[in-house]
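Take a look at the structure below.
Only the coordinates and a few stated rules stand behind these numbers; no lab work does. Small disclaimer: the values here were computed from a predicted structure and weren't measured. As a convention, Cβ positions derive from the backbone with ideal geometry for all residues, glycine included, and neighbour counts pool all protein chains shown.
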Number of protein chains: 4
Amino acid sequence: MDSIGNIFKITSFGESHGAVVGCIISGFPAGVSIHIEEIQEAVNKRKTNQYEYSSSRHEEDIVEILSGLFEGKTLGTPIAIQIKNKNAQAQDYEELKNIYRPNHADYTTAMKYGHRDYRGGGRSSIRVTAPIVAAGDIARQFLQQLISLQVIVYVNQIGNVQIENKYDYTIFEKKNFEIKNNLNCVDDAIAEKMLLELEKVKQQGDTLGGEITCIIKNCPAGLGEPLFDKFQSIIAKAMFTINTVKSLEFGAGRKSIAMKGSEMNDEFNIINKQIVTKTNHSGGIQGGISNGQDIYFFVGFKPISSIQQVQQTVNDKLQETTIQIAGRHDVCAVPRAVSIVSAYTYLSLADMYFMNLPNVK
Amino acid sequence: MDSIGNIFKITSFGESHGAVVGCIISGFPAGVSIHIEEIQEAVNKRKTNQYEYSSSRHEEDIVEILSGLFEGKTLGTPIAIQIKNKNAQAQDYEELKNIYRPNHADYTTAMKYGHRDYRGGGRSSIRVTAPIVAAGDIARQFLQQLISLQVIVYVNQIGNVQIENKYDYTIFEKKNFEIKNNLNCVDDAIAEKMLLELEKVKQQGDTLGGEITCIIKNCPAGLGEPLFDKFQSIIAKAMFTINTVKSLEFGAGRKSIAMKGSEMNDEFNIINKQIVTKTNHSGGIQGGISNGQDIYFFVGFKPISSIQQVQQTVNDKLQETTIQIAGRHDVCAVPRAVSIVSAYTYLSLADMYFMNLPNVK
Amino acid sequence: MDSIGNIFKITSFGESHGAVVGCIISGFPAGVSIHIEEIQEAVNKRKTNQYEYSSSRHEEDIVEILSGLFEGKTLGTPIAIQIKNKNAQAQDYEELKNIYRPNHADYTTAMKYGHRDYRGGGRSSIRVTAPIVAAGDIARQFLQQLISLQVIVYVNQIGNVQIENKYDYTIFEKKNFEIKNNLNCVDDAIAEKMLLELEKVKQQGDTLGGEITCIIKNCPAGLGEPLFDKFQSIIAKAMFTINTVKSLEFGAGRKSIAMKGSEMNDEFNIINKQIVTKTNHSGGIQGGISNGQDIYFFVGFKPISSIQQVQQTVNDKLQETTIQIAGRHDVCAVPRAVSIVSAYTYLSLADMYFMNLPNVK
Amino acid sequence: MDSIGNIFKITSFGESHGAVVGCIISGFPAGVSIHIEEIQEAVNKRKTNQYEYSSSRHEEDIVEILSGLFEGKTLGTPIAIQIKNKNAQAQDYEELKNIYRPNHADYTTAMKYGHRDYRGGGRSSIRVTAPIVAAGDIARQFLQQLISLQVIVYVNQIGNVQIENKYDYTIFEKKNFEIKNNLNCVDDAIAEKMLLELEKVKQQGDTLGGEITCIIKNCPAGLGEPLFDKFQSIIAKAMFTINTVKSLEFGAGRKSIAMKGSEMNDEFNIINKQIVTKTNHSGGIQGGISNGQDIYFFVGFKPISSIQQVQQTVNDKLQETTIQIAGRHDVCAVPRAVSIVSAYTYLSLADMYFMNLPNVK
């Protein structure tokens, strides 16, 4: 239950305000060169305080690799990753000890476990994804040494502000998906509108959700299993582990509900002696298996729960009360979440790669 | 890779045109009374030919329990379920032997495995879900003997025709979610419009998608794990194993992207000495764990791929060609898919129930 | 709990007196030629009634492959194997319904599950290994198409009668491990003594145990994992699933307890530009990983429990009583068990082969 | 591959001469009081330098619990255990960089992984069991809060010196299995002979093996699964993960090979309204499931490989050479291994306990 992946497995540990957060990578082959500075860079991108509307909890997030690496190469043994929690201010949470914050995991954790660490979300904190992002970069380095695939991730919507037609990403592809703003939005003009919206909502002590586009380019055909471990099942399982994710669409997604089969079907043709599809409504996956075309999906996030306004709630003595959350919280976590979406995508791809190994001639 | 579930596991086997399709249930306790006629009833609901717009492949779909049951009760040993393929008309597929049907799994299966069973989708056929539906009913019988939870599933959209506000199901709850039409649509008036749409599309030799609402009532608090096996992750993994599913939303889902935190947050209060939420935008799940409120989610299906029109495609000799699919296929599979959505939901719930056992006092 | 193997998995189902016994093979690649007649032959060798001192339950044991094979080659999808129970004489067991036979699983099954199938051992019957033997032959066929390894299995002891020095098998290797007797004993002269012993014990209505030697020749170096899935751990887990197995030794085994390190250590040298060991006390495994030398181990079986003598026992009403087991039972099951030891060895090897794939350059 | 256990899982990480060794415990319920000082005590018992004939590598072995514990109780989240490697003297190993030590994992690790950490056994070092022993004590504390079972472990043989009849432990039970010597031998007089033997062998620069008895008292009936996860299979898998273990016997073990069924069978009778067995040759397990009687088994260890004598060997350039191992090594590791045998037994029991939960009424 603390692991994800079938063959390339990640086992996570740590709570938000414990000593460390970390994870173990299992199933990784020996002899792969790993660049720690690139891992650190990936983790830095995830960090809070990257832009004005993120939490003010400052963590250095130094990635430590405790095992599995020797002289710059993997040993084939488990890779243990650890990031220390340094800036944990538990006192912020003392008054929340017996109160259940609305939409947080406080109440459900209490119902499930009885005993809980009330400091800052404990195990349910998004902080546990920091070492996952590190693991994701290890998966990326491995895959990119073998195959030239690339995961592209950007924000397409924050609150009500969205890019024009999220399903058609070709306009941004022409510009190499270049991002020039702190919000990780692919469209600079839209990003400015998002900033205005964020400023307004910040003043209200409120929060906003958003949506992220993820595109996998150059994914080889044959990844994903025909029934339970379909490509989209593996991705979906991973994406819905991310806090506040509430929706997911693959390819034409929700749009396809109202399309006819004749509009939806991606006819095949031959270009340069390669089988390709003329359109790509199915998002590069057919029957749960990649077909060599671009894979793309959309991950929707609800607004985060830690608003600054007074809210009605209850405590563990079954009394009604009110709460106003202090602490250091994001207005919108979506721009930071691109790192997490990217990491889980690379981790999923690595797992599918290993699952498919017996079939590779 | 052929199994789903962590503790309550389903291992599937069989191809569309092989001798049988079946599955094995593992991790099921002894002494549970199982009514085979109820299982059969569940499988019958899934069958083709339930309504006019479904495939004309007639299968009796007699459920055989080969092991794990003795004198009407489970033995605690694996329960093997088998359904024979009787009406498999392989000759329908002979001419498709070397051609890749657009949007089918033909091409990706060939890329992954090399050797493939070209008869009717093989392993990728929706037919493999028949024994899964049987297994789902066993999970249902087990859960309903222990806890009073209930899974309600209905069609909310076919093609462009949809019920008014899918997120607010209270209007239908007042009528006990009663279904009076073959399309399994919760709104009778809308169902009539859907039928008109289906008739029109059938004439065109085309197909339609749709969306299904799933509601879990009386789900106990505490199901789902805090990180990787979140309630929504387990459901998502299962739902995306269903052919043609392209989108999934939990609770306020895509609507929540544009909501503010103050609108989204479900404040707690006390009713009858019970902690409940005033609203339920989070769909009964917080931090990946059920909170005792209704759980609800929406599963979106693209139109099925087997249209009757001529399509451009290619064969395995890398030649462009055209294809017109004969065979016996649905115009819209969504009304039948309610059985599958329901089955996977019960299976997921059973798995979460067992995963949570060590924490139950 | 009903599966064995990490990547190449076997999921078993069926009871002794149910409709069928069977298993599902998962994780097997596509395009492998499988000869069904060879599988049948392997299962036939396991069957009762191969020699005079085995059970008189006559089962045809026709192996049916229900899925995963198409035109003689694997599809990469799960391979379902089924063997029908035809000669199940449940009436033999009616009087044992409430009585716990000494050393059988009757009592422990009742304690664990409450509800039990009292007919002939149910799930605990050795009969469930019939489809495992079939699966083992599929593993054998696969491995022998890839690498030239070979598993050699023979009886080295029955009751008090044993071959001279079981640890030194070179004398029998010189004769190609040729077996010329029904007892699967590698030494013909000893086999004759064993037959005398068996005859004597049969007259007494008693039973005998024995020991089996298993040798793996041409096993490539690198199989087995350094910690938990050591080569010997995987083999040990499998061997101790076999009913009546009570001991296991690898290489010099129990003899090594009294050896000094200087006697035990297998020094390396170079022969024909290959690294080999001068001796092989470690049995071809070092640090849990195969070293390319012969692997060998010894599996010890206690006498089977179904003796024909009157025994003291109890019933499920907590009353003391006596029992005399009728039914059809072996005097000694060890000669038949060679098939099972061989099958589990091939299955274990296949699993280790797939686990090691990521490391193969 | 880096985990052991089905539900109560241990995931290990770390190399002998890396920064740390550690493990993650998954599947542990919340609210269990854990005493860290007891864990530390268990780990101290395992440490080197407990007696004169053990390695002189001095490690403090301070157990750090990094997650999963809060205010002295478990959180239901993964428990991360870490022990720092402080006294790693890598220079001892510099000259062994390219040489394969006989019977060590050097050669097989090189064959499997190519790239290897040549310092002190890397992943194959017995040092990785230190955190496992800590995890085992957590399992012990949990089980002993629930059920009164007890694991008793002692040395019964070192080299040629052994206690009189290892199968009959009642003589020592009468003395409460009291141990009064550094060798963890249950018989004080025999321990003195063992010391003489060890002294002699130490002078020769040689090493000795031995055997450990493990007894589980008050194990509830019903643990273990009927087929693949038999009680003995789970124990066997665990025991053979311990370096240098070469043999394992349950109950009458190898002695039972030469017993008749009528001698072997443990007849049932009623004592104090409880079903018990008159004898216990089957070692408390029938059909893979515990029967409530004492469980006992014997774990045999070959002598350790690091002898001080000159040995013939080869290097990675395929040249023959000689080696004389310096470093700090045990003469006999068996007295220290009692901690490891005990830990794996508690871990196995905890896993079986959780596997059996669905069947507990």
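Structure data summary
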quantity: Within the range C:120-137: backbone nitrogen closer than 18 Å to the B:E71 label point (7 Å, Cα to C-beta); calculated: C:120-124
quantity: Size of charge dipole - chain C - debye, nearest 20, with Cβ of Lys, Arg +1 and Asp, Glu -1, no other charges; calculated: 440 debye
quantity: Cα centroid separation, the range D:300-336 to the range C:212-287 (Å); calculated: 17 Å
quantity: Label-point separation in nm, C:E192 to C:N272, each point 7 Å along Cα→Cβ; calculated: 3.7 nm
quantity: Candidates C:T345, C:T129, C:T77: whichever shows maximal mean-square fluctuation once chain C is modelled as a Gaussian network with Cα springs under 10 Å; calculated: C:T77
quantity: Largest-first principal axis extents of the Cα set of the range B:3-359 (Å); calculated: 68, 49, 37
quantity: Span from the the range B:70-147 Cα centroid across to the the range A:1-31 one, whole angstrom; calculated: 33 Å
quantity: Dipole-positive endmost among B:F240, B:S256, B:Q204 within the range B:171-264 (Cβ charges, Cα centre); calculated: B:S256
quantity: Nm distances between copies for A:K175, ranked from closest, using label points 7 Å along Cα→Cβ; calculated: 4.9, 8.4, 8.5
quantity: For the protein assembly as shown, the spread of Cα positions along each principal axis, largest first, Å; calculated: 85, 69, 65
quantity: 10 Å Cβ neighbours from other chains, averaged over peptide C:295-303; calculated: 5
quantity: Label point 7 Å beyond Cα along the C-beta direction, distances from C:K273 to other copies (nm, shortest first); calculated: 3.6, 7.9, 8.5
quantity: Computed FRET value (nearest 0.05) for C:E263 with C:E94, which takes r as the C-beta separation and R₀ as 56 Å; calculated: 0.45
quantity: Rounded to 5, the percent of DSSP beta bridges in chain A classed as antiparallel; calculated: 100 percent
quantity: Neighbour cut-off at most 15 other Cβ (10 Å), DSSP loop, trypsin sites (Lys or Arg not before Pro), the range D:170-221; calculated: D:K174, D:K175, D:K180
quantity: Which of A:A191, A:H35, A:F298, positive extreme of dipole for chain A (C-beta unit charges); calculated: A:F298
quantity: Total formal charge among the other residues, if their Cβ is under 12 angstrom from that of C:F228, Lys/Arg +1 and Asp/Glu -1; calculated: +2
quantity: Full-extension gain in nm, A:S33 to A:E199, via 0.36 nm per residue minus C-alpha separation; calculated: 55.4 nm
quantity: Using alpha-carbon coordinates, inclination of helix C:334-356 to the longest axis of chain C, degrees; calculated: 50 degrees
quantity: Theoretical ellipticity at 222 nm over chain C - DSSP helices of four or more residues, -39500 (n - 2.57) apiece, nearest 500; calculated: -8000 deg cm²/dmol
quantity: Using θ = phi - 60° and Karplus 6.51 cos²θ - 1.76 cosθ + 1.60, couplings along the range A:98-114 (whole Hz; Gly, Pro as x); calculated: 10, 10, 9, 5, x, 6, 7, 8, 4, 5, 5, 5, 5, 5, 6, 10, x
quantity: Given charges at Cβ of Lys, Arg, Asp, Glu: the range D:3-359 dipole, positive-most of D:N315, D:S12, D:N165; calculated: D:N315
quantity: For A:G114, label point 7 Å along C-beta direction: distances to other copies, nm; calculated: 2.3, 5.1, 5.6
quantity: 3J(HN,Hα) from dihedral phi, the range D:62-79, Karplus parametrisation 6.51/-1.76/1.60, rounded to Hz, x for glycine, proline; calculated: 7, 7, 10, 9, 8, 6, x, 10, 8, 6, x, 10, 6, 9, x, 9, x, 9
quantity: Exposed GluC sites (Glu not before Pro) absent - longest run of chain C, DSSP non-H/G/I/E/B, at most 15 other C-beta within 10 Å; calculated: C:179-361
quantity: For the range A:18-32, Karplus couplings with θ = phi - 60° (6.51, -1.76, 1.60), whole Hz, Gly/Pro x; calculated: x, 5, 8, 10, x, 7, 10, 9, 10, x, 9, x, 7, x, 8
quantity: Minimum Cβ-to-axis distance in chain D for the rotation onto chain B, with residue, whole Å; calculated: D:L357, 2
